[in-house]
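Here the structure is laid out as structure tokens; the discussion comes afterwards.
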Amino acid sequence: MTAQIIDGKLIAQQVRDEVAAKVAQRVAAGKPKPGLATVLVGDRVDSATYVASKQKACAELGMESFHHHLPADATQEEVEGLVQRLNQDPKVNGILVQLPLPAHLNEERVLQAISIEKDVDGFSPLNIGRLAQKGREPLFVPCTPYGCIYLLEQAGVQIEGANAVVLGRSNIVGMPAALLLIGKNATVTVCHSRTRDLPAVIRQADILIAAIGKAEMVRGEWIKPGAAVIDVGINSKPDPSKKSGYRLVGDVNFDEAKEVAGYITPVPGGVGPMTIAMLMKNTLRAAEIQQGE
Ligand code: NDP
């Protein structure tokens, strides 16, 4: 069997086009452009790159972005004070604090300071708490897990009743992905670094979401024939044939897995492009909520 490739680049573009069209309609109706505030503390090059691509996406979709860059030694009070000012600013519909924060800052307190109505990353304890409770809805779902579920749904994968395995239990990917799958009536097993006999657990999965950050660790022979495989991992692997000397690979051995799976996302071009697309969708939703729509 050769798996159907789930084209995240294409699906992300469709999400972006829908968001851009709705933004244009709002502006034509005299409403303000949705606005996203980004907060970067310190000078991590990867974080600065992520923030820049979020600002670029805002511009491309007709939204405003407001960037705030604080020094690496900013105090807890300074960061929380900025978040409070952004909470009060009517031009700002969504607030994104780029993680990780420098080690001296209390990340949980900063995330807690973000107004739930502006928490477009979905990481505030209130949104996560609602996601974890049966019958409660978060206002915003964390963007990468939201993208994973969206890809499954777009590919027509049956989630309800499926055995789903989530590999990884981080706050930003694995855990919210597992909660979302439970909310969609899958039967979910969460695996992590202490899980025994990972291949045997993964072989039971109709749906596998892999988010561990270990290059090509999941082998084709671990995959249940016909399973849907969503590979969140982004790892660089030495490749002398590339000018850069490396190429990006996922947590799943793609060449092996695509021969067994029913559906699979590539890396790059799978989950990656979905994260920013879902952030833009969340920012538009924030504007709609705040304008009482
Ligand atoms: P973390 O490092 O925060 O979490 C990794 C998780 O994997 C942990 O739960 C850890 O277990 C588990 N794990 C690590 N090694 C093993 C192992 N050998 N066997 C089983 N479980 C293991 O990573 P993130 O969740 O932040 O990211 C995961 C991957 O997803 C990374 O490659 C990252 O680059 C990528 N990513 C991609 C995004 C995108 O937009 N496409 C967005 C965010 C992340 P334990 O809890 O026991 O330590």
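The values are calculated or read from the model by the stated rules, or taken from the named source; none is laboratory data. Quick caveat, the model's predicted, so the values are computed rather than measured. Here the Cβ is made from the backbone with ideal geometry for all residues, glycine too, and neighbour counts use every protein chain on show. Heavy atoms of the whole protein, side chains included, go into the accessibility calculation; ligands, DNA and RNA do not. Shrake-Rupley method; radii C 1.70, N 1.55, O 1.52, S 1.80 Å.
Of the listed requirements (1) open to solvent by less than 60 Å² (accessible area, probe 1.4 Å); (2) touching a Gly at 6+ places or on another chain (Cβ under 6 Å), Lys9 misses just one: (1). Taken over the range 178-230, the criterion of being assigned to a strand (DSSP E or B) and in contact with a helix residue (DSSP H, G or I) (Cβ under 7 Å, 6 or more places away or on another chain) is satisfied by Val188, Thr189, Val190, Cys191, Ile207, Leu208, Ile209, Val218, Ala228, Val229, Ile230. Taking the condition touching a helix residue (DSSP H, G or I) at 6+ places or on another chain (Cβ under 7 Å) and at pLDDT 95 or above, does Thr283 pass? The answer is no for Thr283. Scanning the range 107-126 for residues that are farther than 19 Å from Val41 by Cβ, in a helix (DSSP H, G or I) and modelled with pLDDT of 95 or more gives Ile116, Glu117.
Of the set (1) within 14 Å of the ligand (Cβ to nearest atom); (2) under 13 Å from Ile5 (Cβ atoms); (3) open to solvent by 10 Å² or more (accessible area, probe 1.4 Å), all apply to Gly262 but (1). The condition (being in a loop (DSSP other than H, G, I, E, B) and out of contact with any Leu (no Cβ under 6 Å at 6 or more places or on another chain)) is satisfied by just one residue among Thr2, Thr49: Thr2. Within the range 231-253, if we keep just the residues that are more than 17 Å from Leu198 (Cβ to Cβ) and part of a loop (DSSP other than H, G, I, E, B), the residue that is nearest to the ligand (Cβ to nearest atom) turns out to be Ile234.
Of the residues making up the range 56-97, those that are in contact with a helix residue (DSSP H, G or I) (Cβ under 7 Å, 6 or more places away or on another chain) and open to solvent by 60 Å² or more (accessible area, probe 1.4 Å) are Glu64, His67, Gln84.
Residues checked against (1) closer than 30 Å to Val19 by Cβ; (2) open to solvent by less than 10 Å² (accessible area, probe 1.4 Å); (3) in contact (Cβ under 8 Å) with a residue 12 or more places away in the chain:
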{"position": "Ala200", "(1), (2), (3)": "no, no, no"}
{"position": "Ala210", "(1), (2), (3)": "yes, yes, yes"}
{"position": "Lys214", "(1), (2), (3)": "no, no, yes"}
{"position": "Glu221", "(1), (2), (3)": "no, no, yes"}
{"position": "Val229", "(1), (2), (3)": "yes, yes, yes"}
{"position": "Lys258", "(1), (2), (3)": "no, no, yes"}
{"position": "Val267", "(1), (2), (3)": "yes, no, yes"}
{"position": "Gly270", "(1), (2), (3)": "yes, yes, yes"}
{"position": "Lys281", "(1), (2), (3)": "yes, no, yes"}
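Taken over the range 17-36, residues that are touching a residue at least 60 places away in the same chain (Cβ under 8 Å) and open to solvent by less than 40 Å² (accessible area, probe 1.4 Å) amount to 6.
Residue-by-condition table, conditions (1) over 22 Å from Ala12 (Cβ atoms); (2) among the aliphatic types (A, V, I, L, M); (3) more than 9 Å from the ligand (Cβ to nearest atom):
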{"position": "Pro142", "(1), (2), (3)": "no, no, yes"}
{"position": "Glu153", "(1), (2), (3)": "no, no, yes"}
{"position": "Asn163", "(1), (2), (3)": "yes, no, yes"}
{"position": "Val173", "(1), (2), (3)": "no, yes, no"}
{"position": "Ala178", "(1), (2), (3)": "yes, yes, yes"}
{"position": "Ile182", "(1), (2), (3)": "yes, yes, yes"}
{"position": "Thr195", "(1), (2), (3)": "yes, no, no"}
{"position": "Leu198", "(1), (2), (3)": "yes, yes, no"}
{"position": "Asp206", "(1), (2), (3)": "yes, no, yes"}
